[in-house]
1. Based on what the data block shows, is LEU59 in a helix (DSSP H, G or I), in contact (Cβ under 8 Å) with a residue 60 or more places away in the chain and under 18 Å from the mean Cα position of the chain (by Cα)?
2. When you check THR91 against the structure, is it surrounded by fewer than 13 Cβ atoms within 10 Å (Cβ to Cβ), farther than 19 Å from ILE141 by Cα and either of a type in the set (Val, Ile, Thr) or within 26 Å of the chain's Cα centre (by Cα) (or both), yes or no?
3. Go through ASP76, ASP105 for me and flag whichever is exposed (fewer than 14 other Cβ atoms within 10 Å of the Cβ), part of a helix (DSSP H, G or I), acidic (Asp, Glu) and within 17 Å of the chain's Cα centre (by Cα).
4. Among the residues of the stretch 1-23, is any free of Cβ contacts under 8 Å to residues at least 24 places away in the same chain, surrounded by 10 or more Cβ atoms within 10 Å (Cβ to Cβ), hydroxyl-bearing (Ser, Thr, Tyr) and more than 17 Å from VAL133 (Cβ to Cβ)?
5. Quick one: in the stretch 1-48, of everything that is assigned to a helix (DSSP H, G or I), modelled with pLDDT under 80 and out of contact with any Pro (no Cβ under 9 Å at 6 or more places or on another chain), which residue is farthest from PRO111 (Cα to Cα)?
Amino acid sequence: MSYWSGEVMLVVLIIVGLIGRSPIIATAASMLLVLKLTSLDRFFPAVERRGMELGLLFLTISVLVPFASEKVTWKDITPLFTTLLGILALTGGAVATYMNGKGLDLLKAEPHLIVGLVIGSIIGIVFFRGIPVGPLMAAGITAFLLKVYEWLTRSM
């Protein structure tokens, strides 16, 4: 069974992605299954090591396209520093990157948690129509929840 366990898990993820109408999960699992079945799984370490960087690169490129196409100008950026919504957006970005750093620290200390983060992300995608933005934010939220739990159990 161990020979087939990876393939079976990927097929299950493809089915979950299709049922949950999550083409990203279905496509990612399909691509990994193709790599595995064509004996190209030797590239898994490179994909694991650099895949997130590539994903973040393309995500960042897609977010920056409005700057390149001049749909967003300097005039549009000024309110970021002068309106409540803009200041909240700046604060949200700073808090998110801080939490991502805490998530990275947590994953370095407890790497096995990635399994729970991935399964939780799949649950969020399938049942809550969520968008997977990466395990670092999920780990950052987990680190925050862990601190809240520790604080609550200490104060009881």
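1. Values: in a helix (DSSP H, G or I): yes; in contact (Cβ under 8 Å) with a residue 60 or more places away in the chain: yes; under 18 Å from the mean Cα position of the chain (by Cα): yes.
It is true that LEU59 is in a helix (DSSP H, G or I), in contact (Cβ under 8 Å) with a residue 60 or more places away in the chain and under 18 Å from the mean Cα position of the chain (by Cα).
2. No: the conditions fail for THR91.
3. Values: ASP76 fails: within 17 Å of the chain's Cα centre (by Cα).
Within the list ASP76, ASP105, the selection yields ASP105.
4. No - not one qualifying residue is present in the stretch 1-23.
5. For the stretch 1-48, the residue satisfying everything is ILE19.
The values are calculated or read from the model by the stated rules, or taken from the named source; none is laboratory data. These numbers were taken from a predicted model, which means no experiment stands behind them. Glycine gets a Cβ as well: all are built from the backbone with ideal geometry, and neighbour counts include every protein chain shown.
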